[in-house]
Each structure stands twice: as structure tokens, then as C-alpha cells.
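Working notes, structure below.
Only the coordinates and a few stated rules stand behind these numbers; no lab work does. Only a predicted model underlies this, so the values are computations on that prediction, with no experimental measurement involved. Counting neighbours? That spans all protein chains shown, and the Cβs are built from the backbone with ideal geometry, glycine included.
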């Protein structure tokens, strides 16, 4: 017997809860700031607390960079504003919800 999602009642293979949560999210802001030694850090904020770790891991893998997640903020090493937006869209976030500054 397949596992059942507690939110929607569908089998885990057919569950659409995570897709629906990503579509109804707040705005996601992507911007860069200067860190120590004139290095740049790309900051992604606005992702839900429960998805930060998974999204950070995916972004680091896709962008081939290091980074960390602190609270609900993801910090990526380097200047990856445009590439981060494309990667977030590829992960499943709506392009209309992503602001690049």
C-alpha cells in the first residue's frame, strides 16, 4: 500500500501539495551584496522556512558554488543573480514571484 499524503489524501507519488505551496508563496528577493575582501554574495530571501535547506542544496548544486542557509535566507558564494532566478524557476518557483535587484 503506497504512502498517503496527510494534507491532500493522495498517494505520495501523485501529491501536489508542494507545487501548490510554491505557487502561493510570497515574493522571493534575489540580490547581491559585498562581503569581506571585496567578494560578492548572492542572497535569496522569501522562501518558506521548511523549504530553505532543500532549496539551498539545489541552488548550490545547480550553480556549482558554496553557500549556506541562515533562518529563511540563503547565501550563495559569488555573483549569481540571473542564474539563481533561472535555477529557482527550474526548481518549481513561479517566475512572477521572483524579484531580482
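Counting alpha carbon pairs within less than 8 Å and at least 6 residues apart, what relative contact order, in whole percent, applies to the chain?
28 percent
Taking only Cα atoms, what is the 0 to 90° angle, nearest 10, from helix 52-63's long axis to the longest principal axis of the chain?
Taking Cα atoms only, the helix is inclined about 60 degrees.
What does the convex hull of the Cα atoms come to per residue for segment 26-100, in Å³? Please list the in-between numbers first.
Numbers: hull volume 5.7 nm³, N = 75.
Per-residue hull volume (Cα only) is 75 Å³.
Between helix 81-91 and the chain, what is the angle of the helix's C-alpha long axis to the longest principal axis, kept within 0 to 90° and rounded to the nearest 10?
10 degrees
Could you rank the peptides 43-52, 63-72 by their average count of other C-beta atoms within 10 Å per residue, with the highest value first?
43-52, 63-72
How would you rank 13, 75, going from fewest to most other Cβ atoms within 10 Å of each one's own Cβ?
Ranking 13, 75 by Cβ neighbours within 10 Å, fewest first, gives 13, 75.
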